[in-house]
1. For the stretch 36-122, what is the charge dipole size about the Cα centre, in debye to the nearest 20, if Lys and Arg each add +1 at the Cβ and Asp and Glu each add -1 at the Cβ?
2. Please give me, ordered by residue number, the trypsin sites (Lys or Arg not before Pro) of the stretch 93-167 that lie in loop per DSSP and have at most 16 other Cβ atoms within 10 Å.
3. Would you please give the FRET efficiency between ASP187 and ALA14, computed as 1/(1 + (r/R0)^6) with r the Cβ-Cβ distance and R0 = 22 Å, to the nearest 0.05?
4. Mean residue ellipticity at 222 nm from the helices of the chain, using -39,500 (n - 2.57) per DSSP H segment of n ≥ 4 over the full residue count, to the nearest 500 deg cm²/dmol?
5. Assuming R0 = 25 Å, what is the FRET efficiency of ASP144 and ARG113, from their Cβ-Cβ distance, to the nearest 0.05?
6. Mind putting together the pair-distance distribution for the chain? All Cα pairs, 10 Å bins, whole percent per bin, short to long.
7. On a full-extension model of 0.36 nm per residue, what is the gain between MET98 and ARG123, subtracting their alpha-carbon distance, rounded to one decimal in nm?
8. With charges only on Cβ, +1 for K and R and -1 for D and E, what is the dipole size of the chain about its Cα centre, in debye, rounded to 20?
Amino acid sequence: MSEERRAELQRRLAAVRGRIEAACAAAGRDAREVALLAVTKTVPAADVAILLDLGLAAFGENRAQEAAAKVGEVARLRPLADPAWHFVGVLQRNKVRMVLPWVTRVESVDSARLVDTLATAIRRARDEGVRKDPVRVLLQYSVDGDPARGGVRLEGPDGLLALAEHVAGRAELQLDGLMSVAPLDADPDVAFADIAKAAVRLRAEHPGATELSAGMSGDLDVAIRYGSTGVRVGTALVGERRIASQ
Ligand SMILES: *Cc1c(COP(=O)(O)O)cnc(C)c1O
């Protein structure tokens, strides 16, 4: 069973890598410019261990409790591995302390309140010896302002550029760039062109914010055409989800 699963994950990973390479070739880009984040929400730790064996190094989770348990299990299964864990879902402020011992990057920062909570909790975690490094963050941009998907628009007092200023003043956080989820019902070319434009605006004011996390199983090819530096892939990589999410 586990050998079967390993073979399946290997085949799926090869297919995803093939898509990334083809999209990069078509766009005249180097495939090494596009990082692959394996979104492993609702996937058991045993699968993450296999993906580590297959060479993946970064994993995305969207629920603090499920992730905290999985991080521990993966550490037991592969004690020598040092995976990066990215948080890609809505991060409730009362769950911030739960993710700080292991999170590398929070990709879904979309409010000043969350920034403040993160900064305070990181300072405390440092004092308590729970973590040394700053938390890397991506600001989540919303193409259409739909609150269900999260993210903020570009301009305005609560917008992405204002939020970037808020993050830039805090040593506990490192602003890496922008993340976005393209609306399902939108023309992908229009959506990703808009996302790319927002990323350029952010980078113009914050030269260190070079990352653009955009593209998932269904649209990673288009996202790469519009300059994505990181794709977040779940379904295409792991197939049907295995464990119930809580
Ligand atoms: C689940 C999820 C993904 C992966 O989506 P797939 O379509 O399964 O590849 C990417 N980004 C976020 C924010 C997600 O929640």
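A short reminder: the numbers here are calculations on the coordinates, not readings from a lab. Since the structure is predicted, the reported quantities are computational estimates derived from the model, not experimental observations. Note: ideal-geometry Cβ built from the backbone for every residue, glycine included; neighbour counts use all protein chains shown.
1. Details: 10 positive and 9 negative charges, 55 e Å.
My answer is approximately 260 debye.
2. Answer in residue order: LYS132, ARG153.
3. Details: r = 30 Å, r/R0 = 1.36.
That gives a FRET efficiency of 0.15.
4. Working: 9 runs with 106 residues, N = 246.
Taking each H run of at least 4 residues, the total per residue is -13500 deg cm²/dmol.
5. Details: r = 22 Å, r/R0 = 0.89.
Once rounded, the FRET efficiency stands at 0.65.
6. 7, 32, 37, 21, 3, 0
7. Numbers: separation 25, 0.36 × 25 = 9.00 nm, distance 1.43 nm.
Net length gain for the segment: 7.6 nm.
8. Values: 34 positive and 34 negative charges, 150 e Å.
For the chain, the charge dipole is close to 720 debye.
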